[in-house]
Amino acid sequence: MPGQTWWRTAAIYQIYLRSFADGNGDGVGDLAGLRSRLPYLRDLGVDALWLTPWNVSPMADGGYDVADYRDIDPLFGTLADAEDFLAEAHGFGLKVLVDLVPNHCSDQHPWFRAALAAPPGDPARDRFWFAEGRGPGGDSPPNDWRSYFGGPAWTRVADGQWYLHMFAPQQPELNWEHAGVRAEFEDVLRFWFDRGVDGFRIDVAHGLMKTPGLPDVGADPDPADLPYQDHAGVHEIYRAWRRIADGYPDPRVFVGEVWLPTTAQFVRYLRPDELHSAFNFDFLCCAWEPNAIRKTIDDTVATHHLVGAPPTWVLSNHDTIRHVTRYGREDTTFDLGNRRHGAFTDPVLGRRRARAAALLTLALPGGVYVYQGDELGLAEVEDIPLERIQDPTWERSEHTDRGRDGCRVPLPWSGAEPPFGFSPPGSTAPWLPQPRSWTTLTVEAQETNPSSMLPLYRQALTLRREHLTNLPEDPTWLAGDDGVLAFRRGDTFACVVNFTATPARLPDHEAVLLTSEPLTGGLLPPEAAAWLRL
């Protein structure tokens, strides 16, 4: 990868730190555990790591409620541990992105504690969205906004005012109209860039600015015109951040979490003077169906061409149902508002499709994200005991949505029973329970099983780095049978995916580079993918 544009083609591995590897035996993943597994990540063949929040936090939402943006939560280690990790990761040739949570902070952040201690109208409250309530005595929230986690987006404080939180009450929204908020985060960027962080994934990148006056959403809102997201003023913020990032000798990178309903909205964040890239949620949410997949690929490539940004591809992350489970369902789409917990899943079909999806995704131009455990073929854990659920969505939804814990269960590394090498022997039990059925899915078990998911990912990531990243960015579709997608990149490489229930012919080729399932009589089996040298 060219040094200053590595992010255009990088394979980035997402680490949910609490669940990756536990080094000190307290049942929670940490920097010591991560550092011990860096050789595994190097050998996997990824180019960069993205870490979910590691900052000081009460953990009301898994670290996305930050109390100190310039330090590491003791649960994970120390600032010195983070600096050592950055140096070691770079020594293994791995870039490092970390999560930045600018939309909201923790209710334990010094700013918010000062705001609560101050009277209404005090400047300390100006960094947040405090407002008087409506109705008799101000007993109703200031507007009709709803939290993404369920319930009202407002909480009342002792003096009668209300504060805004689009997520949990422990996550008060920051007021990005305030000059001090902007200056603070620009300083936070420099703090971590100076310590070697290569870039940031920006949480809720579309949500920082709000429509002045905080108007009601109304009974029938336009999803492309909501007052709490995608306000035009947000782009000024990212242009200022981009100037900071570009000022480093090895320019730093921004990746946006941008959930928006239209291409016109999404693409504005990727203009050359704003964010470098953003997550492709359309692809993640798409059905495992050839016409839908092809349209999403075409639309993604065309959209990114408008601003010269690289497309990105992702199948799962820490907020979604794992795709091994989704692809085994009758409805293979993903909807953030309806995760369909408990829907019937065919695990064999889901894993077979996930293998094919891995080759499809890794063959596409641009950058790609691999969520921890994807490479092991882990499924969603849907039977976590109710008393062990940690996600605040469970309580905020009044026990109607089990939330995201099922994709956050600690990884299985070795052994025949929990904690499967996640923690040292004799440790506290993992913070979320692991299924006993994971015995055959550990890293140790898969390293000796050539037909398992891990060898497939290792081979594909190696071939991708060696042969695919320099190929033309525009995929060219090839003619083929119904239900079979085939495209080439340049004149030397093709990817074929068979979505049907019958074997499919392969286009003319010089050699088979890799398949998700063994060929049968030269034909590509059902629900399988192949990489070809032309």
State all residues of the range 379-396 that are in a loop (DSSP other than H, G, I, E, B) and within 18 Å of D65 (Cβ to Cβ); if no residue qualifies, say none.
I389, Q390, D391
Specify the residue that is nearest to L284 (Cα to Cα); the eligible residues are those in the range 238-269 that are polar (S, T, N, Q) and assigned to a helix (DSSP H, G or I).
T263
Do we find that T400 is open to solvent by 60 Å² or more (accessible area, probe 1.4 Å), more than 27 Å from E473 (Cβ to Cβ) and of a type in the set (S, T, N, Q) in this structure?
yes
Restricting the range 335-381 to residues that are of a type in the set (S, T, N, Q) and farther than 26 Å from A48 by Cβ, the one least open to solvent (accessible area, probe 1.4 Å) turns out to be T345
So if I check each of E387, E417, which one is open to solvent by 20 Å² or more (accessible area, probe 1.4 Å), acidic (D, E) and modelled with pLDDT of 95 or more?
E417
Here is a check on your reading of the model: is P223 modelled with pLDDT under 95 and more than 24 Å from Y69 (Cα to Cα)?
yes
Kindly indicate whether any position in the range 41-57 is loosely packed, with under 15 Cβ neighbours inside 10 Å, out of contact with any Gly (no Cβ under 6 Å at 6 or more places or on another chain) and either more than 30 Å from L468 (Cα to Cα) or in contact (Cβ under 8 Å) with a residue 12 or more places away in the chain (or both).
yes
Out of all the residues in the range 343-355, is one or more modelled with pLDDT of 95 or more, touching a Ser or Thr at 6+ places or on another chain (Cβ under 9 Å), of a type in the set (K, R) and in a loop (DSSP other than H, G, I, E, B)?
no
Going through (1) open to solvent by less than 30 Å² (accessible area, probe 1.4 Å); (2) of a type in the set (G, A, S); (3) more than 30 Å from L461 (Cα to Cα) one by one, A80 fails only at (1)
Would you please name the residue that is nearest to G256 (Cα to Cα), looking only at residues in the range 90-120 that are open to solvent by 60 Å² or more (accessible area, probe 1.4 Å) and assigned to a helix (DSSP H, G or I)?
H90
Working only within the range 179-202, note down all residues that are open to solvent by 10 Å² or more (accessible area, probe 1.4 Å), under 16 Å from P249 (Cα atoms) and of a type outside the set (D, E).
R190, F191, R195, G196
Residue list for the range 168-178, restricted to those being over 23 Å from the mean Cα position of the chain (by Cα) and open to solvent by 30 Å² or more (accessible area, probe 1.4 Å)
E177, H178
Looking at the range 58-68 only, could you name the residues that are under 20 Å from the mean Cα position of the chain (by Cα) and either surrounded by fewer than 21 Cβ atoms within 10 Å (Cβ to Cβ) or not β-branched (V, I, T) (or both)?
M59, A60, D61, G62, G63, Y64, D65
Note on the range 5-30: residues more than 21 Å from R252 (Cβ to Cβ) and aliphatic (A, V, I, L, M) are A21, V28
Taking the residues in the range 2-33 that are within 17 Å of Y371 (Cβ to Cβ) and part of a loop (DSSP other than H, G, I, E, B) as candidates, determine which candidate is nearest to the chain's Cα centre (by Cα).
Y16
Only one of S437, S427, S414 is of a type outside the set (D, E) and free of Cβ contacts under 8 Å to residues at least 12 places away in the same chain; which?
S437
Is it the case, given these coordinates, that D61 is more than 16 Å from L79 (Cα to Cα), charged (D, E, K, R) and at pLDDT below 95?
yes
Could we say that V253 is of a type in the set (V, I, T) and farther than 18 Å from R182 by Cβ here?
yes
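Can we say W313 is in a loop (DSSP other than H, G, I, E, B), modelled with pLDDT of 95 or more and either under 24 Å from L378 (Cβ atoms) or not aliphatic (A, V, I, L, M) (or both)?
Taking the combined requirement at face value, the residue does not satisfy it.
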Where a residue in the range 117-129 is under 12 Å from L174 (Cα atoms) and its partner, wherever it lies, is of a type in the set (S, T, Y), with Cβ under 9 Å and at least six apart
R125/Y163; F128/Y163; W129/Y163
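The values are calculated or read from the model by the stated rules, or taken from the named source; none is laboratory data. Everything numeric in this text was worked out from a predicted model, so none of it was measured. All Cβ positions, glycine included, derive from the backbone under ideal geometry; neighbour counts span all protein chains shown. The area values use the complete protein model at the heavy-atom level, side chains included, leaving out ligands, DNA and RNA. Shrake-Rupley method; radii C 1.70, N 1.55, O 1.52, S 1.80 Å.
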